[in-house]
Amino acid sequence: MNFSEKIRTARIARQWSQKDLAEKTGISLRTIQNYELGSRLPKKQETYSRLADVLGIEESSLLDENVSFVLQANERYGGSAMKQAMDLVADVRALWAGGEMAEEDMDEIMRAMQEAYWEAKESNRRRKAENK
């Protein structure tokens, strides 16, 4: 289950509307809607903590390697890198949709792709620094 499904499931289990969750967390309704649509992830770790606290669930249950990867991209390289990381995760998930690959194999491929992403970002950063 991905982040959007986890948020939606926890909210519905409490019989809250999206508006209820927005009011209880202080996060805008539109942002909650985007989280549940899977079109946006929180940019800061504190948001995960706030959501988990209000929903009465463990913060760790909201996080997975992909969410951590996206957060790290934002912390290291900013919003555009976060968007790239989100797109990479979404594209890889789409490739596997309905497939028969074992979950462990998919996780390993995702880790390898994330490592390749970090190497490419660092290489580009070094190249830009050398050209200045």
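Among the residues that make up the range 80-89, is at least one of them surrounded by fewer than 14 Cβ atoms within 10 Å (Cβ to Cβ) and modelled with pLDDT of 85 or more? Looking for residues that are surrounded by fewer than 14 Cβ atoms within 10 Å (Cβ to Cβ) and modelled with pLDDT of 85 or more, one finds at least one in the range 80-89, hence yes.
For Thr25, the conditions (1) over 19 Å from Asn2 (Cα atoms); (2) without any contact (Cβ under 8 Å) to a residue 12 or more places away in the chain; (3) among the hydroxyl-bearing types (Ser, Thr, Tyr) are fulfilled apart from (2).
Scanning the range 10-27 for residues that are out of contact with any Asp or Glu (no Cβ under 9 Å at 6 or more places or on another chain), among the β-branched types (Val, Ile, Thr) and in a helix (DSSP H, G or I) turns up just one, Ile12.
Screening Glu58, Glu65 for residues that are out of contact with any Phe, Trp or Tyr (no Cβ under 9 Å at 6 or more places or on another chain), surrounded by fewer than 16 Cβ atoms within 10 Å (Cβ to Cβ), touching a residue at least 40 places away in the same chain (Cβ under 8 Å) and of a type in the set (Asp, Glu) leaves exactly one candidate, Glu65.
The values are calculated or read from the model by the stated rules, or taken from the named source; none is laboratory data. Just so you know, these numbers come straight off a predicted model, no measurement behind them. Here the Cβ is made from the backbone with ideal geometry for all residues, glycine too, and neighbour counts use every protein chain on show.
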